[in-house]
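The next block holds one structure in the form of structure tokens; read it before the comments.
No lab work stands behind these numbers, since they all come straight from the coordinates. No experiment lies behind these values; they were computed from the predicted model shown. Neighbour counts run over all protein chains shown; Cβ positions are idealised from the backbone, glycine included.
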Ligand code: HEM
């Protein structure tokens, strides 16, 4: 996974729990990287170990850490690192989400070993957006947090419900997004 994800975990922990807890989490996860470079590749297992250690140290369930990470990443780590994409990718939560398949392909085009998520969309007549997600990493809990984070970024209230999940045997995860 690209370093921009681990960097997001670091920033979230430092901001909410402080630097000492971040040191403790890194030690627990057996991670001795002095810092994370945004476009460099790190093992997926390292990201998972950091998330598990963050759950242990914070007392939160791992799923909640993933959702909190996603909510935080958009307005903080992501918006800082990719300001150009944030400025161009839409002026509402709906527009931004619908652009995310294209944005991931563009951003990772020149990144070696990148494996971006793939999204397909269905816009329902009643205004709901179905966002279908495919990735061998199956990070739908992070995806839920990221969608909520997009709502926070645009100052919009959203509801997100997962209606199909790869971990339960479905071919892809589906997030139903309701714009309130
Ligand atoms: C302009 C905004 C964004 C940029 C530049 C961006 C960029 C990236 C990059 C570079 C990765 C790492 C890919 C890899 O390691 O191969 C990633 C992962 C990911 N992104 Fe984004 N992202 C953005 C916003 C979003 C949003 C809004 C969502 C969902 C609503 C999203 C969903 C994900 C997920 C779920 C992953 C984990 C990888 C996986 O599922 O396999 N991203 N993103």
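Sum -39500 (n - 2.57) across every DSSP H segment of at least 4 residues in the chain, then divide by the residue count to get the 222 nm mean residue ellipticity, nearest 500.
Values: 8 runs with 87 residues, N = 180.
Computed ellipticity for the chain at 222 nm equals -14500 deg cm²/dmol.
Given their separation in residues at 0.36 nm each and the Cα-Cα distance between them, residue 37 and residue 92 gain 16.8 nm when the chain is fully extended. Considering only 112, 141, 28, the Gaussian network model of the chain with Cα springs below 10 Å gives its largest mean-square fluctuation to 112.
Each of 115, 94, 105 was scored by other Cβ atoms within 10 Å of its Cβ. Listed from fewest to most, they are 105, 115, 94. The long axis of helix 140-154 is offset from the longest Cα principal axis of the chain by roughly 70 degrees. Which angle between 0 and 90 degrees, to the nearest 10, do you get for helix 19-28 versus the longest principal axis of the chain when only C-alpha atoms count? Rounded to the nearest ten degrees, it is 80. Taking only Cα atoms and a 10 Å spring cutoff, compute GNM fluctuations for the chain and point out the largest among 100, 166, 111. Checking each option, the largest mean-square fluctuation is seen for 111.
Across region 137-151, the residues whose backbone nitrogen lies under 18 Å from the label position 7 Å along the beta-carbon direction of residue 114 are 137. If you run the Gaussian network model on the chain, springs between alpha carbon atoms under 10 Å, then out of 43, 116, 125 the most flexible one is 125. Compared with the dominant principal axis of the Cα atoms in the chain, helix 44-58 is inclined by about 80°.
Please label the shape of the chain as rounded, prolate or oblate, based on the square roots a ≥ b ≥ c of the eigenvalues of the alpha-carbon gyration tensor (a/c under 1.5 means rounded; beyond that, a/b larger than b/c means prolate, else oblate). Prolate, since a/c reaches 1.5 and a/b exceeds b/c. Taking a ≥ b ≥ c as the square roots of the eigenvalues of the Cα gyration tensor, region 91-179 is classed as oblate, since a/c reaches at least 1.5 and a/b does not exceed b/c.
Taking 0.36 nm per residue of sequence separation and removing the Cα-Cα distance, the residue 83/residue 159 pair yields an extension gain of 24.8 nm.
Ordering 57, 65 from the fewest to the most neighbouring beta carbons within 10 Å gives 57, 65.
Which order do 176, 10, 95 fall in if you start with the one that has the fewest other Cβ atoms within 10 Å? Present the calculation step by step, with values, prior to reporting the outcome.
On the way: 176 16, 10 21, 95 11.
Least to most surrounded, the residues fall as 95, 176, 10.
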